[in-house]
Amino acid sequence: MLIKYFATFRELTKENSLVLNAEPANIAELLELLSDRYGTPFRKAVFEDGELSSLMILLVNGRNVRITGGLATPVNPTDEVSVFPMVAGG
Amino acid sequence: MNGWIGTTLRVDLSRGTIKRERTNKLVARDYIGARGMGVKIISDEVDPSADALGPDNKLVFAPGPFTGTFAPSAGRYNVITKSPLNGTIAGSNSGGVFGPELKFAGYDAVIIEGQAKKPVYLWIKNDLVEIRDASAMWGMTVADTTDALREQTDPDAKVACIGPAGENLSLIASIMNEMHRAAGRTGVGAVMGSKKLKAIAVIGTGEITVADPVAFKAAVMDARGKIQANPVGGVGLKAYGTDVLVNILNQSGALPVNNWQDAYSPVADKIGGESLAANQLVRPKGCFACIISCGRATKVTNPAYAGVGEGPEYESAWAFGVDSGIDNLDAIIKANYLCNEYGLDTISMGSTIACAMELYELGLLTKKDTDGLDLSFGNAEVMVELVRKTGVGEGFGKRLQEGSYRLADSVGRPDLSMTVKKQEMPAYDPRGVQGIGLNYATNNRGGCHVRGYTIAVEVLGQGAPTDPHATEGKAALDIVFQDLTSALDSSGSCLFATFGIGGAELAGMLSALTGVDYSLEEFMKAGARIWNLERLWNLKVGYTAADDTLPVRLLTEPIKTGPSKGRVNHLDQMLPEYYALRGWDAAGVPTPEKLAELAL
Ligand code: SF4
């Protein structure tokens, strides 16, 4: 699984991307794994009271997980996951 | 009046006369100000068949009731006119400090009429208003004009002006204020050029009265708190600017590439906000009273493209970047600086270059047409040179200054102009995001994203997120965004304030400021009124339902790579519902009942 980080998540993880050699079943498990790897600041950025943080945008193969089931969204080893802080523009 | 000043300035450049008029209270109430008030004035006073670049067209500069107050991001003004690019009742919105200064000088709107015989500028210092000779400034860049005017008037004067592109009547010319902020779209700069009005310089020292200062302060503090607490308004835009969207749209499969031949680029990261923050950003910069500060003060040290200035925004980085096959951010920023110097709209300029590149690769333009330049996609040096040529109106630049539609049409391929109603579309591919396609197709000024920014919920997942690939519910969504933005633009606040507050907060602040009781419903209804009045104008100039469409490429040519591979836009599934929900008939004409409901 390829994880790509953008904006503040690059500062937080000190990485632009990561090839993950584990097989989490869904977004919740994936974010748990990543939180273990990067520590508390990362955990705080991605979870909010046990839910998906409203301060981030998470895409699995280009699809925003907010419309595909949130933390329960299934993931596969061939997926590409993109992690952004909540930003916008015009 | 409270919030509004109560005075409108009318300047006839043919006769050389200056009149002060009372701002019509009922028009102010029903159309709020800025965009709405300008649309009402143009639609009442200009014949839709008038030549947009002739003496009968008018040009309205209008701040809104919030402009100049401490309401959040209240630094905006609008320029409204008949567009020379596409004939629509058009306009453009700009930030900075020019709008507030106009208000402090004592005006809700400045209406420019007629045509001067020789170049002039307008000098406004509170009640003192003079039409002055600008012959010595004709031909100057925006920065030089601004400096020269400050020398001739007041070192603190706020200046809105055109560059050589507006003088040359380029249909993609902008009006610039504070050198780097642009009323960019729809060719408003050419209208100013046609009137031989080089600039407006203004100094104001007046005050804006508030109907209920206690309630207004409370409402403003509440709104500011909400914007600050929102991750987008509070931190996101300040750290990375709007260019942060490059990667998000690319990873979503909706970043147009090579004149919209594709919607994903493997090299997009090189031109995104992250790269900008790491390499060229000097500091974030904000408009008047703005806590968001999305502007970018930047510096390029690479000798080939060296310079200091502001930008790029997301749209500009995209248009001069991946849409033209370019991943050199230094070159992109240089192109942006040149647009600011010459007074050109970055979206239309970049997109016109991208179109020219495709026509060149197809052999429809050759080196004979392009002054010997190699217009292959990805040629950054040539891209920058094309901006310069367009800015000064030299050689092939003369063709580019008419925009992509006329260029592509001249070689028999208007379908390769990525425009709606002849105006270039911004950087969101409707094949990957259905609702924004409906917004482009129905937008009253042609290809435009800010007047219906459904991206917030379709891509960014703000508010109540919706599936970008779905067509269901998009008609209603578009209408809410379009009406809210019409009212917001008219209030004088910035679109980005809505990353934190909504119509209810805006209506509450407006009521406390003006003393007119705007419920959320009334506020949204004013937005719908403005939208429908713009629509009526467009019908009068000859637009029909057939023009509410997208370039055929987006309807029939599937995206080739990336997350949206295989997708096209399904406008036909959304448009009939849009008409019905708007209260328009099947031909897209507002019904008599709808017009009565909106008091039109
Ligand atoms: S959010 Fe950006 S464009 Fe809007 S007022 Fe603030 S600095 Fe200006």
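The values are calculated or read from the model by the stated rules, or taken from the named source; none is laboratory data. Keep in mind that this is a model prediction, so the values were computed, not measured. Cβ placement follows ideal geometry from the backbone for every residue including glycine, while neighbour counts extend to all protein chains displayed.
Checking each residue in region B:525-569 for being in contact (Cβ under 8 Å) with a residue 24 or more places away in the chain and of a type in the set (S, T, Y) picks out B:Y543, B:T544, B:T549, B:T561, B:S564. Pairing each residue of region B:273-291 that is near the ligand (Cβ under 8 Å from one of its atoms) with any residue that is of a type in the set (D, E), provided the two are 6+ apart or on different chains, yields C-beta distances under 8 Å for B:K285/B:E310. Within the option set A:P85, A:P77, being in contact with a Gly (Cβ under 8 Å, 6 or more places away or on another chain) and in contact (Cβ under 8 Å) with a residue 60 or more places away in the chain holds for one residue only, A:P85. Once region B:229-267 is narrowed to residues that are surrounded by fewer than 23 Cβ atoms within 10 Å (Cβ to Cβ) and in a helix (DSSP H, G or I), the residue that is nearest to the other protein chains (Cβ to nearest Cβ) is B:P231. Considering only region B:309-329, state which residues are more than 13 Å from chain A (Cβ to nearest Cβ), outside any loop (DSSP other than H, G, I, E, B) and touching a residue at least 60 places away in the same chain (Cβ under 8 Å). Residues satisfying the conditions are B:G309, B:E310, B:A319, B:F320, B:V322, B:D323, B:S324. Of all the listed residues (B:I172, B:I162, B:I208), the sole one being farther than 18 Å from B:N340 by Cβ, away from chain A (no Cβ under 14 Å) and more than 16 Å from the ligand (Cβ to nearest atom) is B:I208.
In chain A, counting only helices (runs of 4 or more DSSP H) that sit wholly within it, the ones holding 1 or more residues that are away from every other protein chain (no Cβ under 14 Å) span A:27-38, A:40-46.
Within region B:532-568, the set of residues being under 18 Å from B:G437 (Cβ atoms), in a helix (DSSP H, G or I) and out of contact with any Gly (no Cβ under 7 Å at 6 or more places or on another chain) comprises B:A546, B:D547, B:V552, B:R553, B:L555, B:T556. Those helices (runs of 4 or more DSSP H) of region B:91-189 in which 1 or more residues are over 22 Å from B:G38 (Cα atoms) occupy B:142-152, B:164-167. Among the residues of region B:43-67, those that are in contact (Cβ under 8 Å) with a residue 24 or more places away in the chain, part of a loop (DSSP other than H, G, I, E, B) and away from the ligand (no atom under 13 Å from the Cβ) comprise B:V46, B:P48, B:S49, B:A50, B:A52, B:L53, B:G54, B:P55, B:N57, B:K58, B:P65.
Contact annotation: residue pairs with Cβ atoms under 8 Å, 6 or more positions apart or on different chains, pairing a residue in region B:490-518 that is over 23 Å from B:I41 (Cβ atoms) and among the polar types (S, T, N, Q) with a partner that is in a helix (DSSP H, G or I) and within 15 Å of the ligand (Cβ to nearest atom), are B:T498/B:A456; B:T498/B:L488. Of everything in region B:296-308 that is more than 12 Å from chain A (Cβ to nearest Cβ) and within 15 Å of the ligand (Cβ to nearest atom), the residue that is modelled with the lowest pLDDT is B:A297.
Comparison of B:R10, B:R29, B:R76 shows that the only residue that is within 16 Å of the ligand (Cβ to nearest atom) and either surrounded by fewer than 24 Cβ atoms within 10 Å (Cβ to Cβ) or within 14 Å of another protein chain (Cβ to nearest Cβ) (or both) is B:R76. For the residues B:G391, B:G363, B:G397, the requirement of being surrounded by fewer than 20 Cβ atoms within 10 Å (Cβ to Cβ) and not hydrophobic (A, V, I, L, M, F, W, C) singles out B:G363.
Take the conditions charged (D, E, K, R), surrounded by fewer than 24 Cβ atoms within 10 Å (Cβ to Cβ) and on the phi < 0 side of the Ramachandran plot and apply them to B:K226. Does it pass? So B:K226 passes the test.
Rundown of residues vs (1) in contact (Cβ under 8 Å) with a residue 12 or more places away in the chain; (2) charged (D, E, K, R); (3) farther than 30 Å from B:G542 by Cα, yes/no style:
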site	(1), (2), (3)
B:Q115	yes, no, no
B:L128	no, no, yes
B:T145	yes, no, yes
B:P155	no, no, yes
B:A160	yes, no, yes
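Name the residues in region B:272-295 that are assigned to a helix (DSSP H, G or I) and either within 13 Å of another protein chain (Cβ to nearest Cβ) or among the hydroxyl-bearing types (S, T, Y) (or both), would you? Listed by number, the residues that qualify are B:G273, B:E274, B:S275, B:L276, B:A277, B:A278.
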